[in-house]
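Have a look at the structure below, then the notes.
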Amino acid sequence: MMTFIYQLINGLQVGSIYALVALGYSMVYGIIMLLNFAHGDVIMIGAYTIWISITAMGLHPVLAVLMAVVICTLLGMFIEKVAYTPLRKSPRISLLITAIGVSMLLQNLAQIVFGANAQTIPSIVTAPNITVGSMQVSVTAVITIVVSILSMLGLTFLVQKTKMGKAMRAVSEDTEAAQLMGIHVNHTISFTFAIGSALAGIGAALYCCAYPQATPTMGSMLGLKAFVAAVLGGIGSIPGAMIGGFVIGIAEALVKAAGLSVWADGVVFAILIVVLLFKPTGLLGRTMNEKV
Amino acid sequence: MKKTIRIPMPVRYLINFALLAVLLLTGNFLVNIVDRYYAKVLMLIGINIILAVSLNIATGYLGQLPLGHAGFMSVGAYTCSIFVIRASFLTNYIGEAATFWLGLLLAGIVSALFGVIIGIPALRLRGDYLAIITLGFGEIIRVILLNIDSLLGFEFTYGASGLKNIPKNTTFLNVFVLVALTCALVHTMMKSRHGRAVLSIRENEIAAEACGIKTTYYKTLAFSVSAFFAGIAGGLYAGYLGILNPNTFGFMKSIEILVMVVLGGMGSMLGSVISATVLTVLPEALRGFSDYRMVTYSLLLIIVMIFKPTGLMGAYDFSLSRLLEKGINVMGGKKPVKKGDGAK
């Protein structure tokens, strides 16, 4: 029972990282129908930013995290402007290939600049474990879950209550109609990328708490699983991304706890396939009409 | 109205056969005189051409976006090599080459079966959902190949340590013959009634269904034909490399094949052939600057996509006969045949 609860917390921790990353995929997909393969690599850049800030520049961990968020945001907007904007009118598959190209470019640049070996990131959170009754809960797990839930709430507020959020929903509903209503489509799309990439920066920080190392290819599997989480929950839906992330994280933790860690990736994709077969738009895909 | 000269059908076949024979002879001649390294690159080009042409059936002609092509390739590779290893007694009766050909055929059939099994559920979804579900299937195949031995106590795939000592039966000759066969079969299939049914699904699925085309049947057909050739390419790959590891056939391998198809132009066989060739040669040619070769590769990919989003060849397809007709007509002072009139 005890191990089960530990694994559950573990799963929630990993799951909330997946959920944060999944939101980035989900928002971008909602607004320009692009599977942004480079999103996972933005997280990788975020992790390296934290590593440089702490080890080379000697910044306080909190500042390092802020730095990562800023760099990720700028990088996300830059990628959108340079690589995706020229292709907005092209076939969607060309856009997809461009995203793959950007992803490969970032990975290989990182490999040249930082080397192929893993860099160890100093721990960001240094606090003793919390004792609840007879069990010890790690502070990083609590912080991860709390931060991601807060980000999720903030994002929901942004999308539902602010003017920019309304513009985002309008553009994802119908780009041309939104343009006719006087919404600045380019700004809105840039803003969406900025928010998604900022979340990726936060995700990078939380990921570094859980697995304190950075490698050039760390983003690809993380990104893939987060993307699966987004599809599982219903792409374009904020609560969907959260549920999808938690499902994937917990499933993975439980499979690993059962001693079948080599099957973990397989189980994740099997869950995805089963859900898509019975509910082709994901768990919350249909009920949420607003796609952002 | 001036009459333009058209080359009659049997002559067109003869021309194509002549071209193939010339290519085969020059290729075989080259393989014997050049370095072994170049011969290997030449074989790899052939394997990649089969992969790109086969994926082009599902992407270019059917209009879907499967991201699990490497999965089919791995099924074919493992089927072929396990067959060749386990059925080594056959070599006494029919010889090594024939066993390998049998293994390749088996690889194609088993892959096509997987194509049907995966295609029926996956093709119910559309667009990106199809992409992600085929990606899922591809990854599951990889995980199963990695771990099936330890789970069931078999000694078949040897998991992560890799299947070793596969007889290296792949030669330039059988790669070339299979490339030619694949291109010819895919081409004739796409020009047939079934091919037109597949194309109509790409253009408009609802309209196709309204015209009485069994969309599910044709989608599954195209998907499994695509898987069939991927399996054969996998078998060749196994015989080329001599060692197999499931992690070779990951998600990135599928992406690599997709890049070949899209870069060449979706639905253009010539495009697939050219871009498979270029994208195989390019990383080899850039080996000198090994650090920067992948950066160059990805930059090139982005730049081509930004400036030529439909791929290098667009939907254009090459026909030697058409070219000859044009030449004859121009020389005879006649108007060339309109583009698209002459089939290959």
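The values are calculated or read from the model by the stated rules, or taken from the named source; none is laboratory data. In this text the structure is predicted, and so the values were computed from the model without any measurement. FYI the Cβ positions are ideal-geometry reconstructions off the backbone, even for glycines, and counts take in every protein chain you see.
Quick notes
- Only helices (runs of 4 or more DSSP H) whose full extent lies in the stretch B:1-110 are considered here, and none of them has at least 2 residues that are acidic (Asp, Glu) and without any contact (Cβ under 8 Å) to a residue 24 or more places away in the chain.
- Residue match in the stretch A:127-148 (condition: touching a helix residue (DSSP H, G or I) at 6+ places or on another chain (Cβ under 9 Å), within 14 Å of another protein chain (Cβ to nearest Cβ), among the aliphatic types (A, V, I, L, M) and crowded, with 20+ Cβ neighbours inside 10 Å): no
- B:TYR129 meets all of the listed conditions (1) free of Cβ contacts under 8 Å to residues at least 12 places away in the same chain; (2) surrounded by fewer than 18 Cβ atoms within 10 Å (Cβ to Cβ); (3) within 9 Å of chain A (Cβ to nearest Cβ) but one, namely (2).
- All positions within the stretch A:107-121 that are loosely packed, with under 13 Cβ neighbours inside 10 Å and within 22 Å of A:ILE202 (Cα to Cα): A:THR120
- Screening A:ILE124 on (1) surrounded by 15 or more Cβ atoms within 10 Å (Cβ to Cβ); (2) within 14 Å of chain B (Cβ to nearest Cβ); (3) not in a helix (DSSP H, G or I) shows it passes everything except condition (2).
Every residue, every condition in (1) crowded, with 24+ Cβ neighbours inside 10 Å; (2) in contact (Cβ under 8 Å) with a residue 40 or more places away in the chain; (3) within 13 Å of the chain's Cα centre (by Cα), yes or no:
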| position | (1), (2), (3) |
| --- | --- |
| A:GLU173 | no, yes, no |
| A:GLN179 | no, no, no |
| A:PHE193 | yes, yes, yes |
| A:ALA204 | yes, yes, yes |
| A:PRO212 | no, yes, no |
| A:ALA226 | yes, yes, yes |
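- From the list A:ALA47, A:ALA19, A:ALA38, A:ALA83, the one residue that fits, being within 14 Å of another protein chain (Cβ to nearest Cβ) and under 16 Å from the mean Cα position of the chain (by Cα), is A:ALA38.
- Pairs where the first residue, in the stretch B:236-257, is within 14 Å of another protein chain (Cβ to nearest Cβ) and the second is polar (S, T, N, Q) and crowded, with 20+ Cβ neighbours inside 10 Å, C-beta under 6 Å, 6+ apart: B:PHE249/B:SER74
- Residue match in the stretch B:41-55 (condition: within 14 Å of another protein chain (Cβ to nearest Cβ) and not basic (Lys, Arg)): yes
Conditions (1) within 14 Å of chain B (Cβ to nearest Cβ); (2) over 20 Å from A:LEU34 (Cβ atoms); (3) in contact (Cβ under 8 Å) with a residue 60 or more places away in the chain, marked per residue:
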position	(1), (2), (3)
A:THR217	yes, yes, yes
A:SER220	yes, no, yes
A:ILE235	yes, no, yes
A:PHE246	no, yes, yes
A:ALA257	no, yes, yes
A:ALA264	yes, yes, no
A:ILE271	yes, yes, no
A:VAL275	yes, yes, no
A:THR281	yes, no, no
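- Selection from the stretch B:159-198 of residues that are under 17 Å from B:SER74 (Cα atoms) and either touching a His at 6+ places or on another chain (Cβ under 8 Å) or part of a helix (DSSP H, G or I) (or both): B:GLY159, B:ALA160, B:SER161
- Screening the stretch B:224-318 for helices (runs of 4 or more DSSP H) wholly inside it with 1 or more residues that are basic (Lys, Arg) returns the ranges B:251-264, B:290-307.
- Selected residue (criterion: nearest to the chain's Cα centre (by Cα)) from residues of the stretch A:53-66 that are surrounded by fewer than 20 Cβ atoms within 10 Å (Cβ to Cβ) and among the aliphatic types (A, V, I, L, M): A:LEU66
- Single residue of the stretch B:110-126 satisfying the filter (touching a Phe, Trp or Tyr at 6+ places or on another chain (Cβ under 7 Å) and of a type outside the set (Gly, Ala, Ser)) that is nearest to the other protein chains (Cβ to nearest Cβ): B:ILE118
- Just one of the listed residues (B:MET260, B:MET252) is at negative phi and surrounded by 19 or more Cβ atoms within 10 Å (Cβ to Cβ), and it is B:MET260.
Let's see how each residue does on (1) at pLDDT below 90; (2) among the small types (Gly, Ala, Ser):
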| position | (1), (2) |
| --- | --- |
| A:GLN136 | yes, no |
| A:ALA141 | yes, yes |
| A:THR162 | no, no |
| A:GLY203 | no, yes |
| A:MET218 | yes, no |
| A:MET221 | yes, no |
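- Annotation note: of B:ILE201, B:ILE213, B:ILE206, the sole residue that is in a loop (DSSP other than H, G, I, E, B) and over 28 Å from B:THR79 (Cα atoms) is B:ILE213.
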